[in-house]
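S.K.: I'd like to ask you about the structure that follows.
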Amino acid sequence: MSRQLLRNPATMQRAASAVASTCARTLTSSSSSGGSAVATRRQQQQQQQQCKLTPSVGIRRWKSSTLHNNNSAEQQNQKLTGTAAATATATATATLRRSQAEALNARGSHSTFDVPSRNMSTTQKNGNQKCLQLENINPNFIVMEYAVRGPLVIRAGEIEKELEKGVKKPFDQVIRANIGDCHAMGQQPLTFLRQLLALTMEPRLLNTPDYPADVKERACALLAACQGGSMGSYTDSAGLEHVRRQVASFIKERDGGVDCDWQNIYLTGGASPGIKSILSLLHCHVEEKLPGIMVPIPQYPLYSATIAEYGMSKIDYYLDEANKWGLNRKELQRAYDEAKTQCNPRALVIINPGNPTGQVLSRQNIEEIIKFAQENQLLLLADEVYQANVYDKDSKFHSFKKVMHEMGEPYRSQELVSFLSVSKGFLGECGIRGGYMEVINLCPQVKAMLTKSITASLCSTTAGQVAVSALVNPPRAGEPSFELYNKEKNAVLDALKERAELVHKTFSSFEGYTVNPVQGAMYVFPRVEIPPKAVEAAKAKNMAPDALYAFELLESTGICVVPGSGFGQLPGTYHFRSTILPQTDKLKLMLEKFRQFHLDFMKKYK
């Protein structure tokens, strides 16, 4: 059936009626029926060709991979020259592969360096050359980096394969504490969400008595909202209207009755695509200056990576580590004033609760931020994906939208985009890729252009949209699924709170560690005093000192964390980010290994 036919109102009415009728029957039926389908996959054998680098490209790639920043103002800018020896190709390639994981991390995975000059060769291609080479691809791809999936993680994967092959290590498993992947660390999915996914993806299960009535009702409503009554069809580019209305109701309830227009809601494949779409919207030279985006330091590397990919300017403002990673208005002003000479500041990014720092902003802090953005005509980007993850009894999540509204004009009219995801909170469904953004007070014409740009991606995944529906329209008191849902939700949040307290207490006992309480989110970001001898050893290897610490930790214990240089930090300070997600027993084991490693490290470099 063509999309034109699916968009026919009469056809859609018949489809919706048919689904509603089916659902009505299944809710009262005690019979069960089902079917199974066995999918077979044909394995294709493909011969992989090794990419042969010309000597100049091999040397260029090796040299660029060994540059590092270590959060200093010094930038390295070298002209790379080629060599005529064709026999150097294999050597350069082998050197690159051996050193890539360690050398890439050396410069700090968020650091910037000069883009290689685009030396377009006019020589005729031969059998050893590729049409795409470093000299003729988008140079922003070379600059951009993403720390939480960087060289340390590559090495962790290699170690896992070595363990599978029986290679002897001083440990028997790799603990991936580098990324906030809840289910990978043992968190179990909530029954309600998975039941809703099962029924919408396989409607024949609606005929079985195995699912509660409230889940069936929700599944029927979702199917009726789909083209042709199937989750396999496209949705509107902004997502199913049914789910967007649910999101609007959720936000209104969360914010104590503040109105929310469902037409301001865009369903996205997790928060990241929404964030990237807004940053792309801002990519415009004004008065011949690059657009600048203010980001907190430390920051989530999605922002630095996307800003680099789009060729924009990153404006760093530093969080106050001595004040539980709070935010000082004077620091915002400093960063803004210094940046104005080089770029045109357009937006201010706030991550609350914080990643990687785990802080929860006070209401006073939020008011100061809103006033600053309004006075300087900045778009506010509120990354609020951890809003359900608040553990500190003296902390509370305040949405930027609610605070803006309560401050009155002119702040109520401040331009704001906020983001939420099913990957975090208590669902932890990272792989399903569901999320939303709410755009507030945007110029209608600009909003129309945003909508137009999103249509090019057709729509976010329907599975992700179902997950969003489960998040914002959970079982209510009195419904069959409520008791189990509440029990599972509270168990997840209680366990996270326990681990937040455990990592803070344990790391605080280490010599040379300074650790702020984990008020929220899923991470701890300790400051480590690295001995001068270790700093010198790192320099000798062209590595950031915290990268040396993290690599030695991985090789000695199997624990994978991310150096602070991947997120940004004050020059001369060293940190790392670890998740609090490993299950409690494994987390205790991890922390004990950490303790012994740190003692050995300090002794080694004393």
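The values are calculated or read from the model by the stated rules, or taken from the named source; none is laboratory data. Here the structure is a predicted model, which means the values were calculated and not measured. Because the Cβ atoms are built from the backbone with ideal geometry, glycine has one as well, and the counts that use them run over all protein chains shown. When the accessible area is computed, the model is the full protein with side chains, heavy atoms only, and any ligands, DNA or RNA have been set aside. Shrake-Rupley method; radii C 1.70, N 1.55, O 1.52, S 1.80 Å.
S.K.: Just the accessible area for ASP172, please: 1.4 Å probe, Å², rounded to the nearest 10?
M.R.: That residue has around 120 Å² of solvent-accessible surface.
S.K.: Let me ask something else about it. ASP585 to ARG194: extension gain in nm, 0.36 nm per residue of separation minus the Cα-Cα distance? Walk me through the numbers before you get to the answer.
M.R.: Values: separation 391, 0.36 × 391 = 140.76 nm, distance 2.59 nm.
Extending this stretch completely gives an extra 138.2 nm.
S.K.: Among residues other than GLU483 whose Cβ falls under 13 Å from its Cβ, what is the net charge (Lys/Arg +1, Asp/Glu -1)? Mind showing how you got there, number by number?
M.R.: Numbers: positive: ARG476, LYS487, LYS489; negative: ASP214, GLU479, GLU488.
After counting each charged neighbour, the total is 0.
S.K.: Here is a follow-up. With each pseudo-label sitting 7 Å past Cα toward Cβ, what's the ASP210-LYS487 distance in nm, one decimal?
M.R.: Each label point lies 7 Å from its Cα, and together they span 2.0 nm.
S.K.: At a 10 angstrom cut-off on C-beta neighbours, averaged per residue, how do the peptides 223-232, 267-276 rank from highest to lowest?
M.R.: Numbers: 223-232: 19.7, 267-276: 23.1.
Output ranking for 223-232, 267-276: 267-276, 223-232.
S.K.: In terms of solvent-accessible area of protein heavy atoms at a 1.4 angstrom probe, what is the ranking of ASP337, ASP214, ASP392, highest value first?
M.R.: Numbers: ASP337 70, ASP214 5, ASP392 50 Å².
Ranking ASP337, ASP214, ASP392 by accessible area, largest first, yields ASP337, ASP392, ASP214.
S.K.: Given the whole protein assembly as supplied and a 1.4 Å probe, what does the accessible area of LYS161 come to in Å², nearest 10?
M.R.: 130 Å²
S.K.: Which ³J(HN,Hα) values, rounded to whole Hz and listed in residue order, are derived for region 438-452 from phi using the Karplus coefficients 6.51, -1.76 and 1.60 in 6.51 cos²θ - 1.76 cosθ + 1.60 with θ = phi - 60°, glycine and proline given as x?
M.R.: Rounded to whole hertz, the list is 10, 9, 10, 6, 6, 4, x, 5, 5, 4, 5, 5, 4, 4, 4.
S.K.: Rolling a 1.4 Å sphere over the protein heavy atoms, what is the accessible area per residue of region 408-533, to the nearest Å²? Each step should come with its number before you reach the end.
M.R.: Details: 5270 Å² over 126 residues.
I get 42 Å² per residue for this part.
S.K.: Which residues does a label at VAL286 reach in region 421-451, if reach means a backbone N under 16 Å from a point 7 Å past the Cα toward the Cβ?
M.R.: 442-447
S.K.: Separate question: Say each of GLU135 and GLN364 gets a label point 7 Å from the Cα, pointing the same way as Cα to Cβ; how far apart are those two points in nm?
M.R.: For GLU135 paired with GLN364, the spin-label model returns 5.9 nm.
S.K.: Here is a follow-up. How much net charge surrounds ASP394 when only other residues with a Cβ under 15 Å from its Cβ are counted (Lys, Arg +1; Asp, Glu -1)? Show your work: numbers first, answer last.
M.R.: On the way: positive: LYS324, ARG363, LYS393, LYS396, LYS497; negative: ASP392, GLU501.
Charge balance near ASP394 sits at +3.
S.K.: Of the heavy-atom accessible surface of region 308-415 (probe 1.4 angstrom), what whole percent is carbon and sulfur?
M.R.: Working: 1750 of 4390 Å².
Carbon and sulfur together cover 40 percent of it.
S.K.: Report ³J(HN,Hα) in whole Hz for each residue of region 170-181, in order, from the Karplus equation J = 6.51 cos²θ - 1.76 cosθ + 1.60 where θ = phi - 60°; Gly and Pro get x.
M.R.: Result, ordered by residue: x, 8, 10, 7, 9, 9, 8, 9, 8, 9, x, 9 Hz.
S.K.: Hey, rough spin-label estimate for MET449 and LYS606, points 7 angstrom out along Cα→Cβ, what's it come to in nanometres?
M.R.: 6.3 nm
S.K.: Could you name the lysines in cross-link range of LYS539, using Cα to Cα under 20 Å and dropping any fewer than eight places away on the same chain?
M.R.: LYS63, LYS603, LYS604, LYS606
S.K.: Also, quick follow-up: Determine the percent antiparallel among the DSSP beta bridges restricted to region 282-389, to the nearest 5. Mind dumping the intermediate values first?
M.R.: Details: 2 of 18 bridges.
Of all bridge pairs located within region 282-389, approximately 10 percent are antiparallel.
S.K.: Cβ under 12 Å from GLN333's Cβ, GLN333 left aside: what net charge do those residues give with Lys, Arg +1 and Asp, Glu -1?
M.R.: On the way: positive: ARG329, LYS330, ARG334, LYS340, LYS371; negative: GLU331, ASP337, GLU338, GLU368, GLU375.
Spelling it out: positives minus negatives among the neighbours equals 0.
S.K.: Students sometimes get this wrong: rank HIS598, HIS242, HIS283 by accessible area, probe 1.4 Å, all chains present, largest first. Kindly include the intermediate steps, with their values, before the conclusion.
M.R.: Numbers: HIS598 5, HIS242 60, HIS283 80 Å².
Solvent-accessible surface, decreasing: HIS283, HIS242, HIS598.
S.K.: So if R0 is 25 Å, what FRET efficiency would ALA184 and ASP494 give, r being the distance between their Cβ atoms, rounded to the nearest 0.05? Display every interim value, and only then the final one.
M.R.: Numbers: r = 20 Å, r/R0 = 0.81.
Approximately 0.80, to the nearest 0.05.
S.K.: Determine the gain in length on full extension of the stretch GLU338-ASP172; use 0.36 nm per residue of separation and subtract their C-alpha separation, reporting nm with one decimal.
M.R.: Extra length available between GLU338 and ASP172 comes to 54.8 nm.
S.K.: Arrange the peptides 164-171, 321-328, 470-477 so that the one whose residues have, on average, the most other Cβ atoms within 10 Å appears first. Present the calculation step by step, with values, prior to reporting the outcome.
M.R.: On the way: 164-171: 9.6, 321-328: 17.4, 470-477: 18.9.
So the peptides 164-171, 321-328, 470-477, ranked by packing, come out 470-477, 321-328, 164-171.
S.K.: Of LYS216/LYS452; LYS424/LYS588; LYS252/LYS330; LYS401/LYS424, which pairs sit farther than 24 Å apart, going by alpha carbon to alpha carbon?
M.R.: LYS216/LYS452; LYS252/LYS330
S.K.: Something else about it: Under the rule of at least 5 residues apart or a separate chain, name every residue whose amide H is placed under 5 Å from the amide H of ALA388.
M.R.: Under 5 Å from the amide H of ALA388 lie the amide H atoms of GLY425, each far enough along the sequence or on another chain.
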